[in-house]
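**Q** Below you will find the structure I want to go over with you.
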Amino acid sequence: MRTGSVPLTDLDGGFDLQATLESGQTYLWTREDGATYAADGARGGDAWYSTVVDGEVIRVRQRDDLLEWESTTDAESRLFDLLALDDDLPAIRAGANDDDLIRAAYERYWGLRIVRDPFFGCLVSFICSAQMRVSRIHGMQLALAREFGTAYTVGGETFRAFPRPDQLAARTEGELRELKLGYRAPYVQRTAEMVADGEAHPREAVGLPYEEARESLTRFVGVGDKVADCVLLFSLGYLQAVPLDTWIRSAIAEHYPECDRGNYAKTSRALRERLGGEYAGYAQTYLFYYLRARGE
DNA sequence: ATCCAGGATGTAT
DNA sequence: ATACATCATGGA
């Protein structure tokens, strides 16, 4: 294993690994101490997290102002990409609407970055997210990796990659239901087939104007506007995407009632402008984590 | 027991 | 285009 470390004081705006990985954006990392993601956003700890990307095992942990990593390859540039370490956080925040709520959320979780997940794992994660809590979505993705993903053994420890499209496409709906995916099982199976067969691929959305990209992703089974927004935001680099989930919808009702325009597209557009346009997805994600931690 | 969780789909209007 | 029922599962 190669090792290295990134001095976080060099980054624009610092970094918070726990907030980034446990805030419900990504479900493709494993916390090695076995602790479940803190639903209340409890801070602290310097746990190791691991993932497998393109056949390379990557482990990271944060110790104060140092991000330590260990990997089967030189992982530094990969980490900059996956964890958006090159995003200019102060500039992003400066471009956001600065009301009391947004300010509080940014201050509480400062250093949280919008991840850039591998697209297939992200797509499946958010198909599974329908009417599910964060901890269970994570559990589903770990189960998919454990049952159907390729194993890599390094230093006596085994790491499981998230399954490739063909690996999931080869499973039956029944096998996926055994992992407690419920009614999402056929969605995952059919979407995996679409990608494996070359019928469609999430990356075809890249480069399209934002709302066209969202529409493009809804061709996958189990993907509506909300899940499409999550994939755009957490995998494909569309930082203006504002997913409207139940938490954000209640926040709209309580704090931004004028943004409720009746349907998804118009409401999302209104909230996007309200939250700061180009980087509205950042404010949305800080807000989501903040509100969920407070249990509102 | 009832409600709810990062919703989507099929059908009727 | 919009309204509605239906879909699994488990924790509060």
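The values are calculated or read from the model by the stated rules, or taken from the named source; none is laboratory data. Remember, it's a predicted structure, so these values are computed and weren't measured experimentally. Here the Cβ positions follow ideal geometry from the backbone for every residue, glycine too, while neighbour counts run over all protein chains shown.
**Q** Can you work out which of the residues in the range A:130-175 that are under 28 Å from A:Thr246 (Cβ atoms) and β-branched (Val, Ile, Thr) is farthest from DNA strand B (Cβ to nearest atom)?
**A** Looking at the filtered set, the residue picked out is A:Ile137.
Matching residues to (1) within 16 Å of DNA strand C (Cβ to nearest atom); (2) under 30 Å from A:Leu144 (Cβ atoms); (3) modelled with pLDDT under 95:
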{"site": "A:Asp100", "(1), (2), (3)": "no, no, no"}
{"site": "A:Ala104", "(1), (2), (3)": "no, no, no"}
{"site": "A:Leu123", "(1), (2), (3)": "no, yes, no"}
{"site": "A:Gln131", "(1), (2), (3)": "yes, yes, no"}
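**Q** Output the number of the condition that A:Leu101 fails; it satisfies all remaining conditions of (1) out of contact with any His (no Cβ under 7 Å at 6 or more places or on another chain); (2) touching a residue at least 60 places away in the same chain (Cβ under 8 Å); (3) within 16 Å of DNA strand B (Cβ to nearest atom).
**A** The one condition A:Leu101 does not meet is (1).
Matching residues to (1) touching a Gly at 6+ places or on another chain (Cβ under 7 Å); (2) of a type outside the set (A, V, I, L, M); (3) within 13 Å of DNA strand C (Cβ to nearest atom); (4) assigned to a loop (DSSP other than H, G, I, E, B):
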| position | (1), (2), (3), (4) |
| --- | --- |
| A:Glu204 | no, yes, no, no |
| A:Arg219 | no, yes, no, yes |
| A:Gly237 | no, yes, no, yes |
| A:Gln240 | yes, yes, no, yes |
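**Q** If you go through the range A:247-291 one residue at a time, how many are in a helix (DSSP H, G or I) and over 21 Å from A:Ala19 (Cβ atoms)?
**A** Number of matching residues: 22.
**Q** Quick check: is even one residue across the range A:74-83 within 22 Å of A:Ala283 (Cα to Cα) and in contact with a helix residue (DSSP H, G or I) (Cβ under 7 Å, 6 or more places away or on another chain)?
**A** Taking every residue of the range A:74-83 in turn, at least one turns out to be within 22 Å of A:Ala283 (Cα to Cα) and in contact with a helix residue (DSSP H, G or I) (Cβ under 7 Å, 6 or more places away or on another chain).
**Q** Of the residues A:Ala84, A:Ala143, A:Ala94, which is over 19 Å from A:Thr51 (Cβ atoms) and among the hydrophobic types (A, V, I, L, M, F, W, C)?
**A** Among A:Ala84, A:Ala143, A:Ala94, only A:Ala94 is over 19 Å from A:Thr51 (Cβ atoms) and among the hydrophobic types (A, V, I, L, M, F, W, C).
Per-residue answers, yes or no, for (1) surrounded by fewer than 21 Cβ atoms within 10 Å (Cβ to Cβ); (2) in a helix (DSSP H, G or I); (3) not hydroxyl-bearing (Ser, Thr, Tyr):
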{"site": "A:Ala19", "(1), (2), (3)": "no, yes, yes"}
{"site": "A:Gly24", "(1), (2), (3)": "no, no, yes"}
{"site": "A:Gly45", "(1), (2), (3)": "yes, no, yes"}
{"site": "A:Val52", "(1), (2), (3)": "no, no, yes"}
{"site": "A:Glu70", "(1), (2), (3)": "yes, no, yes"}
{"site": "A:Thr73", "(1), (2), (3)": "yes, no, no"}
{"site": "A:Asp87", "(1), (2), (3)": "yes, no, yes"}
{"site": "A:Asp98", "(1), (2), (3)": "yes, no, yes"}
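**Q** Of (1) within 13 Å of DNA strand B (Cβ to nearest atom); (2) within 19 Å of A:Ala205 (Cα to Cα), A:Gln284 satisfies all except one. Which?
**A** If we test A:Gln284 against (1) within 13 Å of DNA strand B (Cβ to nearest atom); (2) within 19 Å of A:Ala205 (Cα to Cα), just (2) comes out false.
**Q** Give A:Ile114, A:Ile127 a once-over and let me know the one that is within 16 Å of DNA strand C (Cβ to nearest atom), within 19 Å of A:Asp245 (Cα to Cα) and buried (at least 16 other Cβ atoms within 10 Å of the Cβ).
**A** A:Ile127
**Q** Take the residues in the range A:142-197 that are polar (S, T, N, Q) and more than 22 Å from the chain's Cα centre (by Cα), then tell me which one is farthest from DNA strand C (Cβ to nearest atom).
**A** Checking each candidate, the answer is A:Thr153.
**Q** Let me ask something else. In the range A:154-164, which residues are under 20 Å from A:Asp33 (Cβ atoms) and either touching a residue at least 40 places away in the same chain (Cβ under 8 Å) or of a type in the set (Val, Ile, Thr) (or both)?
**A** Within the range A:154-164, A:Val154, A:Gly155, A:Thr158, A:Phe159, A:Arg160 qualify.
**Q** Still on this structure, I have one more. Among the residues of the range A:43-52, is any at negative phi, in contact (Cβ under 8 Å) with a residue 12 or more places away in the chain and in contact with a Leu (Cβ under 8 Å, 6 or more places away or on another chain)?
**A** Yes, there is a match, as at least one residue in the range A:43-52 is at negative phi, in contact (Cβ under 8 Å) with a residue 12 or more places away in the chain and in contact with a Leu (Cβ under 8 Å, 6 or more places away or on another chain).
**Q** I need every pair where a residue in the range A:172-190 that is without any contact (Cβ under 8 Å) to a residue 12 or more places away in the chain has its Cβ under 6 Å from the Cβ of a residue that is more than 7 Å from DNA strand C (Cβ to nearest atom), sequence separation at least 6 or different chains.
**A** What qualifies is A:Arg177/A:Ala185.
**Q** Do you know which residues across the range A:220-260 are aliphatic (A, V, I, L, M) and either near DNA strand B (Cβ under 8 Å from one of its atoms) or over 21 Å from A:Pro209 (Cβ atoms) (or both)?
**A** If the condition is that a residue be aliphatic (A, V, I, L, M) and either near DNA strand B (Cβ under 8 Å from one of its atoms) or over 21 Å from A:Pro209 (Cβ atoms) (or both), then A:Val221, A:Val223, A:Val227, A:Ala228, A:Leu233, A:Val242, A:Leu244, A:Ile248, A:Ala251, A:Ile252, A:Ala253 are the ones that fit.
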